[in-house]
Each structure stands twice: as structure tokens, then as C-alpha cells.
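One structure is given here, and the rest of the page talks about it.
The values are calculated or read from the model by the stated rules, or taken from the named source; none is laboratory data. Everything quoted here is computed from the prediction, not taken from an experiment. Positions of Cβ are generated from backbone atoms using ideal geometry, with glycine treated the same way; all protein chains shown enter the neighbour counts. These accessible areas exclude ligands, DNA and RNA; they are computed on the full protein's heavy atoms, side chains included. Shrake-Rupley method; radii C 1.70, N 1.55, O 1.52, S 1.80 Å.
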Amino acid sequence: MDRISMHPILGERPAGKVVTFTCDGKTLEGYEGEPIASALRVNGIMVHRYTAKRHEPRGVFCAIGRCTDCVMIVDGVPNVRTCITPLKANMVVETQYGVTNKEGSK
Ligand code: FES
């Protein structure tokens, strides 16, 4: 997926420092300070968590930190809203299953 490099209202995207991070053990790149969800989307990752009861996939919905659909485990901390959390170098991001990183957990 490509990034928007020139927006008609916001203008050109400021150049940022490229950093590496991992998602479920896979090494990815993103711009430091951009929302984690943006970096994931550029890398083709749309599912952030699975619901506890029905194990349904969820991803970015509101993108303003209100709905919690984008929560993931970041550096070992569950329920981090990735749409409003800035990306940092060497972050460890994991898909959240219920409130854990174990598939099939509640
Ligand atoms: S997408 Fe709604 S809180 Fe992140």
C-alpha cells in the first residue's frame, strides 16, 4: 500500500526518520512519530485484534482514539490504541486476542 505524499489540504508530508519495529515477530519499517496504525497499514496489516467472545477481527475504525477497535499489545502492554500512539524505534507490536497475545485466548 502506498502512502499519501501530497494532500490537497495538508500539503506535503514532512520527511521523517525511518525506524524499524516488529509486528508479531516480523520486522517492518515506518516513520518515527507517525501513528503505529499508519505504519501497519502501509505494511499491509489491517487486523489489530480479535474480539474475546466471538474471535472476530478488528482494525482501525474511528482513527481518533475513541472506539478501541485498533488496540494491540505494544512493548508488552495490552490495550494500546495504535491509531493515536506514535511509532518509536524498536517497538514490539503484537496482535491482541481478547487481552493477550495468545491466539484463542479470552
Ligand atoms: S481506531 Fe478507534 S481507537 Fe483507534
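Only one of (1) within 11 Å of the chain's Cα centre (by Cα); (2) small (Gly, Ala, Ser); (3) surrounded by 15 or more Cβ atoms within 10 Å (Cβ to Cβ) is not met by GLY98, so which one is it?
(1)
Only one residue in VAL71, VAL60 is open to solvent by less than 30 Å² (accessible area, probe 1.4 Å), touching a His at 6+ places or on another chain (Cβ under 9 Å), at pLDDT 95 or above and within 15 Å of the ligand (Cβ to nearest atom), so which one is that?
VAL71
So, in the stretch 7-42, how many residues would count as being in contact with a strand residue (DSSP E or B) (Cβ under 9 Å, 6 or more places away or on another chain), within 20 Å of TYR97 (Cβ to Cβ) and surrounded by fewer than 16 Cβ atoms within 10 Å (Cβ to Cβ)?
3
Does ILE45 count as open to solvent by 20 Å² or more (accessible area, probe 1.4 Å), of a type in the set (A, V, I, L, M, F, W, C) and within 11 Å of the ligand (Cβ to nearest atom)?
Answer is no for this residue.
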